[in-house]
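The values are calculated or read from the model by the stated rules, or taken from the named source; none is laboratory data. A quick note: this is a predicted structure, and the numbers were derived from the prediction, not measured. Heads up, the Cβs are rebuilt from the backbone with ideal geometry, glycines too, and the neighbour counts pull from every protein chain shown. SASA here: full protein model, heavy atoms, side chains in, ligands and nucleic acids out. Shrake-Rupley method; radii C 1.70, N 1.55, O 1.52, S 1.80 Å.
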Amino acid sequence: MALLDISIVNSALPTIQGEIGATATEATWIVTAFLVAEIVIIPLTAWLERLLGLRTLLFFAVVGFTGFSAMCGLSSSLTMMVIGRTGQGLSGGILIPTAMTIVAKRLPPSQQPIGLALFGMTAVVGPVIGPLLGGWLTENLSWHYAFFINLPIGAVLLLLLLLGLPHERPNW
């Protein structure tokens, strides 16, 4: 979800810029806010995992990413969009390293190469499909759906998380 969201919004950016009344320079904040927030949170993820536990951290990250996606889709101003994208970056940045943690912790050693390959595939496919999907959604529906697409995905991910990942006690 986080890897796809980096590139899906880029194709909708000119339309978003026009509809929220941002200049070209201001519109770069929409992308920059996401990337900077993601870069800031990724190194902190291991510490946050120990502080909260993997399932709790992922729960907050998925709820946050989904909620901030809705905020971005409903945005009518540059400020609202930048706040939403910053929140997406912070919560999405947690999703990337924790996916690798799940592969390492939850899969038996014989299945870890398959898990890593599937993770690598999403890292490649997301940025390839993102601009195509973002462009199609923007042209055929609205730029809002570049963000709203995360809502059902987030709901399914949250359900799978609650059903498939056991609760861990924090390791302070």
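Would you compute, for the Cα atoms of the chain, the largest minus smallest coordinate along each principal axis and list the three values in descending order, in whole Å?
49, 31, 25
Give me the accessible area of residue 38, 1.4 Å probe, in Å² rounded to the nearest 10.
The accessible area of residue 38 comes to roughly 10 Å².
Roughly speaking, to the nearest percent, how much of the chain's 1.4 Å accessible area is carbon and sulfur?
73
Report residue 47's accessible area, 1.4 Å probe, all protein chains in place, as a number in Å² to the nearest 10.
Ignoring ligands and nucleic acids, residue 47 comes out at about 130 Å².
Tell me, how many Å apart are the Cα centres for region 10-25 and for region 115-172?
Using only Cα atoms to place each centre, the spacing works out to 23 Å.
Based on DSSP H assignment, which helices of the chain show an axial Cα extent of at least 24 Å together with a mean Kyte-Doolittle hydropathy greater than or equal to -0.5?
Those that pass (Cα extent of 24 Å or more, hydropathy at least -0.5) are 2-20, 24-41, 54-73, 78-106, 112-140.
If each DSSP helix of 4+ residues adds -39,500 (n - 2.57) and the sum is divided by the residues in the chain, what number results at 222 nm, nearest 500 deg cm²/dmol?
Calculated at 222 nm, the ellipticity per residue is -28000 deg cm²/dmol.
Got a number for the accessible area of residue 44? Probe 1.4 Å, square angstrom, nearest 10.
Only protein atoms counted, so the area is about 80 Å².
So, R0 is 30 Å and r is the distance between the beta-carbons of residue 24 and residue 44; what FRET efficiency does that work out to, to 0.05?
It comes to 0.40.
At a 1.4 Å probe radius, which order do 1, 100 fall into by accessible area, largest first?
100, 1
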